[in-house]
1. In this structure, does Thr167 turn out to be closer than 24 Å to Gly126 by Cα and surrounded by fewer than 20 Cβ atoms within 10 Å (Cβ to Cβ)?
2. Considering only residues of the range 1-19 that are in a strand (DSSP E or B) and within 11 Å of the ligand (Cβ to nearest atom), which is surrounded by the most Cβ atoms within 10 Å (Cβ to Cβ)?
3. Residues Glu52, Glu93, Glu47: which one is closer than 25 Å to Pro128 by Cα and not aliphatic (A, V, I, L, M)?
4. Report whether or not Arg110 is part of a loop (DSSP other than H, G, I, E, B) and either basic (Lys, Arg) or within 12 Å of the ligand (Cβ to nearest atom) (or both).
5. Return the residues of the range 199-220 that are part of a loop (DSSP other than H, G, I, E, B) and among the hydroxyl-bearing types (Ser, Thr, Tyr); say none if nothing qualifies.
6. Can you find even one residue in the range 139-146 that is outside any helix (DSSP H, G or I), more than 16 Å from the ligand (Cβ to nearest atom) and either within 20 Å of Ile247 (Cα to Cα) or touching a Ser or Thr at 6+ places or on another chain (Cβ under 8 Å) (or both)?
7. Quick test for you: out of Asn127, Asn132, pick the one residue that is surrounded by fewer than 22 Cβ atoms within 10 Å (Cβ to Cβ), within 14 Å of the ligand (Cβ to nearest atom) and assigned by the TED database to the domain that holds Ile112.
Amino acid sequence: MRITVTGAAGQIGYALLFRIASGAMLGPDEPIQLRLLEVPQAMRAAEGIAMELDDCAFPQLASIDISDDATSAFDGASIALLVGSRPRTAGMERGDLLAANGGIFGPQGRAINDTAAEDIRVLVVGNPANTNALIAASHAPDVPASRFTAMTRLDHNRALSQLARHTGAPVSSLTRMTIWGNHSATQYPDLSHALVAGDPVSVQQDWVESEFIPTVARRGAAIIEARGSSSAASAANAAIEHLRDWIGGTPDGDWTSAGIVSDGSYGVPAGLVSSFPVTSSGGEWALVPDLSIDAFSRSRIDASVAELLDERNAVEALGLL
Ligand code: NAX
């Protein structure tokens, strides 16, 4: 299985590559060919990571190639983890951020279209993840749009962890958590269908609104404040779990969250890459259908979807789609 990781020399890359190579994503029996894509100035650092990967002598790791050229990096890839992106720097306008990322994810989408394997599956981690996935997908007309996804699994896991902490129930007893919308502060972590040991969650709405939702939505900022840099190991873990479940399937009776291309369900305009409750079987994500959406959930989903629409309009206006 050929796996391409962009932004390989970054901090998520450093936490991700060793776990992929150890078999945490695809199991212990799948030989892995790693392709690392970096910008030219980070090639040396990527070489250092490749040396460390060598030094682990992972039995599954068949080869490592490093490139600063997207066309060769995605050649024959069955999995692409698009981690490298242009971060927002002080004083940067949103339009500049979207344009800079369009310059990365457009060409990468095109390279995936032209060179990746037929079974390519793409996870976009680099922010703004949902809209970067939309841009990449729009440049890959020959790849089914369902193969492009954006990562909201970290938000999902953060929500599980906060609920476990509040209720005292172990994470292993929690199911049917949902993240809706954008991977941003407008995301909606939804407890209305979640179960604790098979029973509906019983918590105060006040806690949901004033503690749970803001804590999950702002967890990334809290990590930066405490650690001095953004989430890396937890983001890498979420990426591993997203791909593991996509390929291997979600457990019966449970679901997870992923940014997928909307088919218009739940009032999310078709074509937007939005987080939904999803199951996977046979290597395909499927939306969890027919969930009841109460008025509070509706307003939260609509707010996040409005932000996704704004981002789509902005990148459309910039000619990036
Ligand atoms: P780093 O700045 O440590 O690493 C990014 C790496 O990407 C750098 O090595 C850089 O050289 C490389 N890069 C930049 N442009 C590239 C290109 N065109 N091709 C290949 N490589 C390129 O960032 P890191 O902490 O690893 O985070 C990476 C991205 O993940 C950021 O956009 C970050 O915002 C995003 N995150 C997304 C999360 C999610 O849940 N979806 C959570 C964690 C994280 O914040």
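The values are calculated or read from the model by the stated rules, or taken from the named source; none is laboratory data. On a predicted model such as this, the values are computed, not experimentally measured, just so you know. Reconstructed Cβ throughout: ideal geometry from the backbone, glycine too, with neighbour counts over all protein chains shown.
1. Considered against the rule, which asks whether it is closer than 24 Å to Gly126 by Cα and surrounded by fewer than 20 Cβ atoms within 10 Å (Cβ to Cβ), Thr167 comes out as no.
2. Applying the first criterion (in a strand (DSSP E or B)) to the range 1-19 yields 2-6.
This time we only want the ones that are within 11 Å of the ligand (Cβ to nearest atom), so: 4-6.
Numbers: Thr4: 31, Val5: 29, Thr6: 26.
Here the answer is Thr4.
3. Glu93
4. Working: part of a loop (DSSP other than H, G, I, E, B): no; either basic (Lys, Arg) or within 12 Å of the ligand (Cβ to nearest atom) (or both): yes.
Answer is no for this residue.
5. Answer for the range 199-220, where residues must be part of a loop (DSSP other than H, G, I, E, B) and among the hydroxyl-bearing types (Ser, Thr, Tyr): just Ser202.
6. Yes, because at least one residue in the range 139-146 is outside any helix (DSSP H, G or I), more than 16 Å from the ligand (Cβ to nearest atom) and either within 20 Å of Ile247 (Cα to Cα) or touching a Ser or Thr at 6+ places or on another chain (Cβ under 8 Å) (or both).
7. Working: Asn132 fails: surrounded by fewer than 22 Cβ atoms within 10 Å (Cβ to Cβ).
Within the list Asn127, Asn132, the selection yields Asn127.
Each row is one residue, and each column tells you yes or no for (1) at pLDDT 95 or above; (2) surrounded by 24 or more Cβ atoms within 10 Å (Cβ to Cβ); (3) out of contact with any Phe, Trp or Tyr (no Cβ under 7 Å at 6 or more places or on another chain).
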| position | (1), (2), (3) |
| --- | --- |
| Pro59 | yes, no, yes |
| Ile66 | yes, no, yes |
| Thr89 | no, no, yes |
| Phe105 | yes, yes, yes |
